[in-house]
Amino acid sequence: MDGRDGADGRDGVDGIDRPAGAPADARRDVQRRWWFAGIASVAVIGVVTALVLASGGDGGSATATSLATSGTVTDPSAAETVPGSVDATTDGTTDPTGPGGEVPASTAPVTVAPLDPAVTVPVVTGTLDTVVVDTVVPAPAVSIDDIAETSTGMSFRIESLEPVDGEANGPGEIAAPSVRVTIVATNGGTAPVLLETVVVDLRSGTDQVPAPPLSGPGGVRFSGSLAPGASATGVYVFDVPVDRRDLVSILVSYVAAVPPVVFEGPAPRPAT
């Protein structure tokens, strides 16, 4: 046998058809070249596999896909990283890890230390006992024409009471026939007195119904600080029905610890 096969005179040793009579050495050279090519292919596949195992994770899968399609080995570390960007994975999600595989602080898991059983927290329980609250009783009432003095040296007097048409300029106010009260405060003590805390109320009738305050006309609240020996004036307007003006009580308080002074008497009615 001369190595030729078939009736067509073609050589089928290495699977390649060539004319009959080709030298045996030439056929062996071709066969060796195919073996070398196979060995080289196996070596390339081994290199690719080693790189995939070394890179690991989704990045390794992406590298393997690139190598399988292009046949070129690329160093993954040579890829450019844009600051502030998020790497995309092959499954369409984003990779939260930063450079070097470190997880940013915003996404890193938080470890909570267990409670120390030796540490006890005191429990404060409430009671249903009645709490006694000190009540400041107003000073004895004086006439509207008199001066009301306090134990601290402050004194108040009613300068005038006037019937006016009350004006509704503030929230919840309703214009109505009213009484305008002008009060003078005098500091007879040795220290300045803050007038921002002065409160003036008016109650009408024998049942002492509180009168709603109004903004005007001409309302001017006490304000600022009153020096020793000085006086200041405040103007207050109250909604007082005409038929309830036979008796009114005007209470003035400037500090919570001092009993309020009280003025009592009739309030003027509009001229007929």
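Observations on the structure shown:
- Meets criteria (acidic (Asp, Glu) and surrounded by fewer than 19 Cβ atoms within 10 Å (Cβ to Cβ)) for residue 239: no
Yes or no, residue by residue, for (1) modelled with pLDDT of 95 or more; (2) farther than 22 Å from residue 145 by Cβ; (3) touching a Gly at 6+ places or on another chain (Cβ under 9 Å):
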{"site": "184", "(1), (2), (3)": "yes, no, yes"}
{"site": "202", "(1), (2), (3)": "yes, no, no"}
{"site": "213", "(1), (2), (3)": "yes, yes, yes"}
{"site": "223", "(1), (2), (3)": "yes, yes, yes"}
{"site": "227", "(1), (2), (3)": "yes, yes, no"}
{"site": "236", "(1), (2), (3)": "yes, no, yes"}
{"site": "244", "(1), (2), (3)": "yes, no, yes"}
{"site": "264", "(1), (2), (3)": "yes, no, no"}
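- Of all residues in the range 142-165 being of a type in the set (Gly, Ala, Ser) and over 19 Å from residue 236 (Cα atoms), the one that is surrounded by the fewest Cβ atoms within 10 Å (Cβ to Cβ): 151
- When residues in the range 195-238 are screened for being assigned to a loop (DSSP other than H, G, I, E, B) and hydroxyl-bearing (Ser, Thr, Tyr), 3 of them pass.
- Lone unmet requirement of (1) surrounded by 10 or more Cβ atoms within 10 Å (Cβ to Cβ); (2) within 30 Å of residue 203 (Cα to Cα); (3) out of contact with any Pro (no Cβ under 8 Å at 6 or more places or on another chain); (4) modelled with pLDDT under 90 for residue 131: (1)
- Some residue of the range 131-139 being within 18 Å of residue 259 (Cα to Cα), among the acidic types (Asp, Glu) and touching a residue at least 24 places away in the same chain (Cβ under 8 Å): no
The values are calculated or read from the model by the stated rules, or taken from the named source; none is laboratory data. Keep in mind it's a predicted model, so treat the numbers as computed, not measured. All Cβ positions, even for glycine, are placed from backbone atoms using ideal geometry, and neighbour counts span all protein chains on display.
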